Structures are given as structure tokens and as C-alpha cells.
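See structure below.
The values are calculated or read from the model by the stated rules, or taken from the named source; none is laboratory data. A quick note: this is a predicted structure, and the numbers were derived from the prediction, not measured. Because the Cβ atoms are built from the backbone with ideal geometry, glycine has one as well, and the counts that use them run over all protein chains shown. Each accessible area value is taken on the protein alone, full model and side chains, heavy atoms only, with ligands, DNA and RNA left out. Shrake-Rupley method; radii C 1.70, N 1.55, O 1.52, S 1.80 Å.
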Amino acid sequence: MSRRYLLDFFIIIFFVFAPWWLCAAALIYGAFAFPSYYEFLFFSVLYDLVYGPSSWGVHNPIALTLGGAVVFLLIQLLKSNFNLHEKKFTR
Amino acid sequence: MKSPYLQNRNTPKWYRSWTFAILALVFAIVMSPARIVTSRLAVLVVSPVWNVGQFAVHSAESFVAGFKSNQALLSENRTLQTDADLLRERLRYLDVLQGENNDLKSLLSRKRDTIFSSTTPGRLCPPTASAIGAKILLSPAQSYYASMLVDVGEGDEVGRGDAVYSFGDIVLGTVSDVYPSTSRVVLYSAPKVSMSVSLGKAHLSVSAVGDGDGTFIATLPKNVSIEVGDEATVQAEKPALLALVEQIQTKGDAAFKTIYLKSPVSLRTLTWVYVDRQISTDKTPTCLDDTY
């Protein structure tokens with residue numbers, strides 16, 4: 001569990017100071033490594049709320065929320081099919 | 001016969017009602033009108049972290065510089081680098097102004113006031129009192145949306161649509177959202193953003209499309225004369241340089257050629273900008289020290 005908190009701490013740091021893709025990479029790792037990693041969805045939404053445009057213009061203001069939700073579901077599907085979580089990553 | 005692994009496989013969890021309930025909540029937050037409120041709240045919560053982070057980085061730099069016993073040299077070097085960047089930008093801008101000045105003189109015999117922001121080493125001064133200096137909290141290189149966040153907001157009378165310039169008077173973008181103490185700036189060079197510019201010595205009116213990281217793409221007929229280094233200026237009341245022609249590409253017998261433009265400003269290293277507010281004031285411009 002402490003590993004999960006440590007990762008959450010680093011994600012907060014990445015969220016504020018690092019390029020977006022570093023934060024995304026850490027979240028994807030977390031989604032694979034921990035059960036029910038809902039931080040993934042939380043940070044996707046927070047990113048769009050803080051950094052995304054507030055209205056639909058040239059850019060989709062919920063691009064990362066949408067992408068994050070799809071990736072999150074795919075990871076859950078992969079994990080349940082390959083049983084990765086139970087075999088390797090549970091702490 | 002199935003392997004024990006497949007027999008013991010857990011029921012897939014990805015469709016659990018919990019996940020979908022949370023996903024529904026997530027979309028309700030970001031899609032609804034409440035987004036404006038939640039967005040303001042989120043920025044309000046994250047702002048202190050930015051400030052603490054910037055302070056921490058500055059403190060760490062000072063601490064390390066103190067040990068090296070050449071802090072003065074570092075500081076001077078930093079100031080000179082900022083000045084050199086500004087001068088480089090201005091040199092480009094000067095050509096635009098000179099060309100325009102000649103055109104105006106020949107057509108109207110009208111004298112135009114200087115619009116340069118004035119700077120002295122280590123000091124950055126906006127050109128007018130309506131302009132306000134701002135520190136970049138989030139650089140476009142960090143953001144997925146190629147936007148940036150600056151540390152001025154409603155409290156500084158910044159409004160939506162205000163133009164944002166570098167201190168070398170290169171136009172960068174406009175303010176898209178204003179929060180109590182911060183604002184979001186959408187860059188003209190953000191992907192897919194299209195804008196009308198005046199290109200080259202002939203002042204051709206073309207549409208330049210943002211391509212990210214301070215670059216733009218425009219398309220022109222093959223027979224139109226354009227050279228590398230020609231300026232693209234924004235067609236507005238205040239003449240503002242946007243980018244320079246970096247590369248011209250013509251493919252075979254195609255009737256059109258592709259023009260690649262690049263802003264003279266390095267967005268990755270930019271730390272200060274100024275916002276040209278739509279307010280009238282008689283005050284003198286407030287200058288900034290080029291330190292934290």
C-alpha cells in the first residue's frame with residue numbers, strides 16, 4: 001500500500017511540474033500495478049479541469065478524461081483476462 | 001482440457017458497477033455547466049502548489065549557486081542571456097516595423113509612436129500601463145493542450161481575449177480563461193488553431209495553421225514569391241510579428257507550396273510574458289525584476 005501512496009505523491013509532482021506524458025505514464029503503471037486504481041480517473045479529470053480549455057473550440061476540453069476512461073477500462077480488461085494483477089503485482 | 005489458470009480465472013472486473021458509476025460521475029463533472037465551478041476550484045487548489053514549487057526551485061538554485069561562489073556571475077549571465085534573447089527578437093521585429101513605417105510614410109505621411117516595451121538589464125517593462133507583466137506557471141511544453149497558465153487573473157483586470165506577447169513584442173496568443181489569480185493562454189501555434197496573417201514583403205493575406213511548439217503551416221500558390229526569413233505579422237491595430245518563414249517546400253508539379261513558419265521566441269525557455277489588457281489607464285507601466 002505504501003508503494004501506492006508513493007506513486008500518488010510522484011504523480012502529484014509530475015502533474016504540476018513535468019510534461020503531461022510523464023504523468024500519463026505513471027498513471028498507466030499505477031493502473032496495471034494496483035487494484036481499482038481510481039486515481040487514474042481522478043487525475044485525468046483534474047488535468048482537464050486545470051489545464052484544458054473550458055469550452056469546445058478547436059480543442060476537445062475533455063480529451064484526456066475521455067482517453068483516460070477508455071485506457072482505464074482497457075487496462076482493467078487486460079488485467080482480468082491475463083490475471084496479471086493476482087499473479088505479479090499485488091502487495 | 002482447460003488449464004488450471006483458465007479454470008480459475010476471475011470474473012472480469014472491468015465492468016463492475018463501481019467503475020461505471022465513477023465514470024458516469026467523471027463525465028457529469030466535466031461535461032456539465034458545473035465544469036466552470038469545478039475548474040475554478042481545481043485551479044485554486046493547484047495554484048499554491050505551483051507557487052511553492054517555483055519558490056522551492058528558486059531557493060534550490062540560490063542555495064547551489066551560493067556554494068559555487070560565483071552567484072554574481074550566474075546572475076549576470078542570466079540577465080545577459082535574457083537581454084540577448086530580447087534583442088534578437090527585437091531585431092526581427094524592427095524589420096517589420098521599418099517596412100511598415102516606410103509604407104505608411106509613402107502612403108499617409110503619418111508618424112507612428114514607438115510600441116516597444118522598454119527594458120533595462122534585469123528589468124522587464126511592458127510598453128503601456130494597460131499591459132501587465134506575467135510569469136508563466138505552466139509552460140506550453142508541459143501541457144497536452146499547448147496552452148500556458150500565467151500568474152495574473154481577475155484581480156489584475158485581465159479579460160478573455162486579451163493578447164499575450166513576449167517581452168520582445170512577439171505575439172504569442174490570447175487569454176481564453178480567467179481565474180481569480182491566474183489565466184489560461186491559448187497559443188496561436190497550438191495544433192489546428194488557424195489565423196489570418198500578413199506574409200512577406202508583399203503583405204499577402206494567408207491563413208496560418210498552428211502546428212505546435214511555436215510553428216505554423218501555410219499554403220500558397222507556387223508562383224507567389226516568398227523567401228526564407230520573411231515575416232508573418234498579425235493583422236491587427238498593433239502590428240505584431242508572429243513568426244518567420246523557416247522552410248518552403250514544393251512537391252513536384254503541385255500547384256501549391258507549403259510554407260513552414262516558426263516563432264522567433266523559444267516557448268520552452270520563456271519565463272515572462274505581458275498581457276495587453278483591454279483597459280484604459282493613465283498609470284505608468286509596472287516593471288518586473290527578472291528574478292523570482
**Fill in**
Checked against the positive end of the charge dipole of region B:143-196 (+1 on Cβ of Lys and Arg, -1 on Cβ of Asp and Glu, about the Cα centre), the farthest of B:Ile170, B:Pro180, B:Tyr144 is B:Tyr144
**Prompt:** Any residues in region B:137-169 that have 50 Å² or more less accessible area with all protein chains than in their chain alone, probe 1.4 Å, and which are they?
**Reply:** B:Gln142, B:Tyr144, B:Tyr145
**Item:** Buried solvent-accessible surface, both chains (A, B), 1.4 Å probe, Å² to nearest 100
**Value:** 3700 Å²
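From other protein chains only, count the Cβ atoms within 10 Å of every residue's Cβ in A:38-48, then give the mean. All intermediate terms of the calculation are to be shown ahead of the outcome.
Numbers: counts 5, 0, 0, 5, 2, 0, 2, 8, 5, 4, 9.
The mean count of partner-chain Cβ atoms within 10 Å per residue comes to 4.
Once you list every other residue whose beta carbon is under 12 Å from the beta carbon of B:Gln249, what net charge do they have if Lys and Arg are +1 and Asp and Glu are -1? Spell out each step's value before the answer.
Details: positive: B:Lys222, B:Lys251, B:Lys257; negative: B:Glu246.
The answer is +2.
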